[in-house]
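Quick notes on the structure that follows.
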Amino acid sequence: MDERTFDRSGQHASVVGLGTWQLGADWGDVDDKEALAVLEAAAEAGVTFFDTADVYGDGRSEQTIAAFLSGRPDLHVLVATKMGRRVDQIPENYVLDNFRAWNDRSRRNLGVDRIDLVQLHCPPTPVYSTDEVFDALDTLVEEERVAAYGVSVETCAEALTAIARPNVASVQIILNPFRMKPLREVLPAAREAGVGVIARVPLASGLLSGKYTRDTVFPQNDHRTYNRHGESFDVGETFSGVDYATGVEAAADFAGLAPEGYTPAQLALRWIIDQPGVTTVIPGARSPEQARANAAAARLPELSGETRAAIRDLYDRRIKDQVESRW
């Protein structure tokens, strides 16, 4: 699989990575054996970038990645984790002593002395404008606790603030055919600055796979049940912030745009891969089959201008008014 570079850090990632939220919690139950099988399938398909967080299963996702990689010393995988969501979300918690403690825990979970890439995990907005926060992150690099750092953001404005910081290696942001706003300013600014872009929620929590209907029932421990209105965290993380009924109808139209040989999910992933400035896209997977199908999107041809225009038209007609003013 093709790899792209985080220019500021010199690190490389496969154009399709693997998001491992599903392997920790909040997406229903996944047992340890199945989780390891997902990681194996992704690696065998050429994935060299795993994204995780200390809060996914309260460390379970990190520990599962560590268990998998300990048995595969032949693999060269860039592992990115995130920190900050295990405490009250107030700016005062984003200080060096806490960063060190969070980093110690993640390094233990991952079984490494130095983490490849650590990201602030959608912190309160003022954090992005606080010099002391980035001084503390620089200290983690100086102490060789992390090789590089980035941020995970909710809004385009937060992304642009972070990109202006000289040592931010990456920005992780929601980007998919139902969340196009980052195309206008965030991706061009990141390209100019040499900041990598990690595209998350690429399938709008599965909506863009085209397999859900208005009658689909998700497990009670799945955020697609308990966070539809932002009850537990930013509603934009669930179905990209699109009203479920609207999303299901729009997803059916989206599925009809898939060229021959593409699944709807692969159409969404290929659309993201084709965007200038994207370094890697990180779909999750609950089964080896999903992991392999997601990785296969990297080998599909670029989309035609006609298909891209049809996707844009669908977004403008059905989705844009719901999401652009919020994120």
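Read-outs throughout are calculated quantities, based only on the coordinates presented, and are distinct from any laboratory measurement. Model, not experiment: these values are computed from the prediction. Note that we place each Cβ from the backbone using ideal geometry, even for glycine, and neighbour counts take in every protein chain shown.
Quick notes
- Angle between the chain longest axis and helix 96-110 axis [Cα atoms, degrees, rounded to 10]: 70
- Phi-derived couplings, Karplus 6.51 cos²θ - 1.76 cosθ + 1.60 at θ = phi - 60°, listed residue by residue for the stretch 270-286: 5, 4, 5, 4, 6, 6, x, x, 6, 8, 8, 10, 10, x, x, 8, 9 Hz, with x used for Gly and Pro.
- Summary value for the chain: 22 percent relative contact order, contacts being C-alpha pairs under 8 angstrom separated by 6+ residues.
- Relative protection proxy for 271-278, 199-206, 109-116, from highest mean packing down: 199-206, 271-278, 109-116 (other beta-carbon atoms within 10 angstrom).
- Segment S304-E143, length gained on full extension (0.36 nm per residue, minus Cα span): 53.2 nm
- Residue (of Y56, S240, Q266) at the positive-pole extreme of the chain, dipole from beta-carbon charges: Q266
- For a straight C-alpha distance cut-off of 18 angstrom, the lysines reachable from K320 (same-chain residues fewer than eight places away being disregarded) are K181.
- Between R72 and R326, the distance separating the two model label sites (each 7 Å from Cα on the Cα→Cβ line) works out to 3.5 nm.
- Along each principal axis, Cα extent of the stretch 175-327, largest first, Å: 41, 34, 31
- With a cut-off of 19 Å on the backbone N, the residues of the stretch 119-155 near the modelled label site 7 Å out from D7 along Cα-Cβ are 148-151.
- Rounded to the nearest Hz, the phi-derived 3J(HN,Hα) couplings of the stretch 143-148 under the Karplus curve 6.51 cos²θ - 1.76 cosθ + 1.60 (θ = phi - 60°) are 7, 6, 7, 9, 7, 7, where x marks glycine and proline.
- The label point for V95 and the one for E34, both projected 7 Å from the Cα toward the Cβ, are 4.3 nm apart.
- Between R86 and D113, the modelled label-to-label distance comes to 2.3 nm, taking each label 7 Å out from Cα in the direction of the beta carbon.
- Cα shape, the chain, gyration tensor, a/c 1.5 rule: rounded
- Gyration tensor (alpha-carbon) shape descriptor, the stretch 236-303, a/c threshold 1.5: rounded
- Charge tally around R200: other residues with Cβ under 9 Å, Lys/Arg +1 each, Asp/Glu -1 each, net -2.
- Eligible lysines near K82 by straight Cα distance, threshold 19 Å, same-chain separation 8 or greater: none
- Close amide H partners of I174, meaning residues 5 or more places away or on another chain with modelled amide H under 5 Å apart, are R200.
- Separation between Cα centres of the stretch 23-74 and the stretch 154-230, rounded to whole Å: 21
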